Amino acid sequence: MRPCLLALFVLFVVNRVIGQPAKPTPTQQTDLSYKQFCDCRALTTGAKGYLPSEEAANKAVSELLTLIRRNSSMQYTDSIVVKAAGCGAPEARSCPTVVTEKKAADVPLILYNKVFMEGVNKKVALMTRVDRHILAHEISHHVLGHLKNTDGVAVFGGLKGTDAGDTTRIQRRYKVTNIQAEEIQADFFGLWVLSLLDKSLNFEAFVSEFDTDYIRQYLEPDSKYSASHPAFKDRISAMRRFWKQLQLRELQQKGISRGYFANSAGVAYLELHPERTFWDLGFVAGLTVAGQPQFSVDGIPVDGLLYRVPNAYNLYMGFQITRFKWQSPWQFEAEVAYSTQKYGTLIGDKPSQRLLETLDLYYLTAFPKATWIPFGRRPNQFAANRFGVFASAGPMVRIPIGFTYQNYGTTVAPANMPSLQLSVNPRASIGVELLKKSFRPGSYKIALSYELARIQLATTPKPKALSHNVDLTFHYSFSRW
C-alpha cells in the first residue's frame with residue numbers, strides 16, 4: 001500500500017506543478033482597468049486609482065515640488081499632472097496643449113502603471129520610500145529639463161537589441177543628450193529628495209525595499225539592451241556612491257543646483273563605461289614669450305636678425321583634437337594652427353635705436369603629440385573635474401606659407417631673396433589642465449612649450465638658423481563625442 005500511496009502522491013504533486021499556470025509577464029499582469037493610452041492622450045482620461053488616487057498623487061507631487069524649491073536654487077513653477085496609464089513603467093512626458101486660440105503651452109505629465117508600482121515594491125504600504133523615489137525621479141525629468149527633445153527621448157525608449165548599443169550615433173542623429181546619464185541624474189535627484197524627507201535615511205534599508213526578484217525577472221533582461229536605461233544593478237551602484245558623496249554636503253544646503261546632479265551623473269556614467277574612447281575638439285592660441293634666434297653662415301654668427309621686432313608678437317592660432325580614455329593617463333593629441341615668426345635687426349643705441357631689417361615668416365603648423373596626465377583619478381569621490389599637471393612632446397612640422405623681408409638700409413634684388421622651406425622641430429610642453437569628467441565639453445589647458453626651431457632658408461651662401469622659442473598657449477575644448 002505504501003508504494004501505491006507514494007506513487008499517487010508523486011502524481012498529485014507533478015499534476016499540481018505542471019498544471020500551475022505560468023507566472024504572468026508584465027504585459028499580462030497589467031490591470032485591464034489601466035489599459036489607457038501611454039502618451040499625452042492620457043490627459044483626457046478619467047481619474048483611476050494610485051496612491052490611492054490620482055488626486056493623492058498630484059498632491060504628493062505638489063508637496064515634493066515645494067520641498068525642492070525650498071532646499072535648492074531650482075525654482076520650477078509649473079504644475080505637474082499625474083495620470084494612470086497603460087505604460088510598462090512610469091514615464092515623464094511634456095504634452096503640447098492649446099491654452100487659447102493664439103497660445104499653446106506644454107503640460108508636464110507623469111504616467112503611472114499601478115501593477116508596475118506594486119511589483120517593484122517589496123513593502124506593502126500606502127506610499128513607500130520606493131514610491132517616493134520613483135515619483136521624485138519622474139519629477140526630476142521635468143525640473144532638470146530632460147524633456148526638451150521629446151522626439152529624441154521617444155526614439156531612445158523604443159530601441160532594443162543591436163540598435164540600442166549604438167547610442168552615440170542616435171544622439172548625433174536626433175541631437176539629444178546622453179539619455180542613460182539623464183536617467184542616472186534622475187536617480188540621484190530622487191535620492192536627494194528622499195534625504196530631505198528623512199534626514200536619518202539609511203541607504204541600504206531603502207534599497208532593500210525594492211523587490212529585486214521582480215526587477216531581475218522582468219526588468220534586467222530588457223535593461224541590458226535598453227538605450228535609455230542602464231541596468232538596475234549599475235543604477236544602484238551609482239546611487240550608493242552618490243549617497244556617500246551627498247553626505248559630505250549639508251543636506252539642507254540652499255545652493256544645490258541642476259549642475260550638481262548633472263556633474264555627478266556624468267561621472268557615474270563615465271565610470272560605468274571606462275572602456276569608452278572620447279574625442280575633444282577645441283581652440284588653441286598662443287604667442288612667443290621668450291626666444292633666442294641664432295643665425296650663422298659657414299659657422300660664423302651673423303650680426304643681423306637676432307631680435308624680434310619690438311611690440312610684434314609671434315602668434316599661434318588653430319585647432320586641437322584630443323583622443324583619451326578616463327581610466328588612462330595618456331592622451332593623444334594633434335594641433336593644426338597658423339603661426340608667425342618675426343625677426344629684426346636693430347642698429348644704434350637707445351634712444352636713437354632703429355630697425356635696419358625685418359624678416360617675417362608665415363607657417364601652417366602640425367603638432368602631433370603624446371600627453372601624460374598622472375593626476376585626478378580619485379576613486380573614492382565623485383569628482384566631476386580633474387585638475388593637475390601634464391607633460392607632452394612631439395614633432396612640430398612647419399609648412400611654409402610665405403615670408404616677407406624688408407631692408408631699410410639698402411635694396412635687395414628679388415633674385416637674391418631666399419626661399420622658406422619645410423622644417424620639422426622637436427617641441428615639448430608642460431602645463432596644467434582642468435578636464436571636466438563629463439560627456440559634455442568645456443575643458444581648459446594652459447601650457448608652456450619649448451621648441452628648438454630650425455628655420456630652413458634656401459639661399460647662397462646657405463645660412464643656418466636656430467631659434468630657441470618659449471611659447472605660452474591656451475586651449476579650450478568646445479565639442480566632445
TODO: Rank-order 123-135, 195-207, 395-407 by packing density, defined as the average count of other C-beta atoms within 10 Å over each peptide's residues, highest first.
DONE: 123-135, 395-407, 195-207
Task: Exposure proxy order (Cβ contacts within 10 Å, fewest to most) of PHE367, PHE295 - done: PHE295, PHE367
- [ ] Taking the Cβ of each residue in TYR316, TYR476 as the centre, tally the other Cβ atoms inside 10 Å and list the residues starting with the fewest.
- [x] TYR476, TYR316
Open item on the list: Please rank TYR260, TYR362, fewest neighbouring Cβ atoms within 10 Å first, as an exposure proxy.
Closed with: TYR362, TYR260
Open item on the list: Starting from the 7 Å offset along Cα-to-Cβ, what nm value, one decimal, do you get for the label separation of LEU126 and SER296?
Closed with: 9.3 nm
Open item on the list: In whole Hz and in residue order, list the ³J(HN,Hα) couplings for the range 444-451 that follow from phi through the Karplus curve 6.51 cos²θ - 1.76 cosθ + 1.60, θ = phi - 60°; x for Gly and Pro.
Closed with: 10, 8, 10, 10, 10, 10, 10, 10
Task: Cα gyration tensor shape for the range 278-480, rounded if a/c is under 1.5, else prolate or oblate - done: prolate
TODO: Quick one: how many lysine pairs does the range 278-480 have with C-alpha atoms less than 24 Å apart and a gap of 8 or more or different chains? Give me the count, please.
DONE: 12
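Any read-out appearing in this document is the output of simple, stated calculations on the displayed coordinates, not a laboratory observation. Predicted model only: the values in this text are computed from it and were never measured. Glycine also receives a Cβ, built like all others from the backbone with ideal geometry; neighbour counts cover every protein chain displayed.
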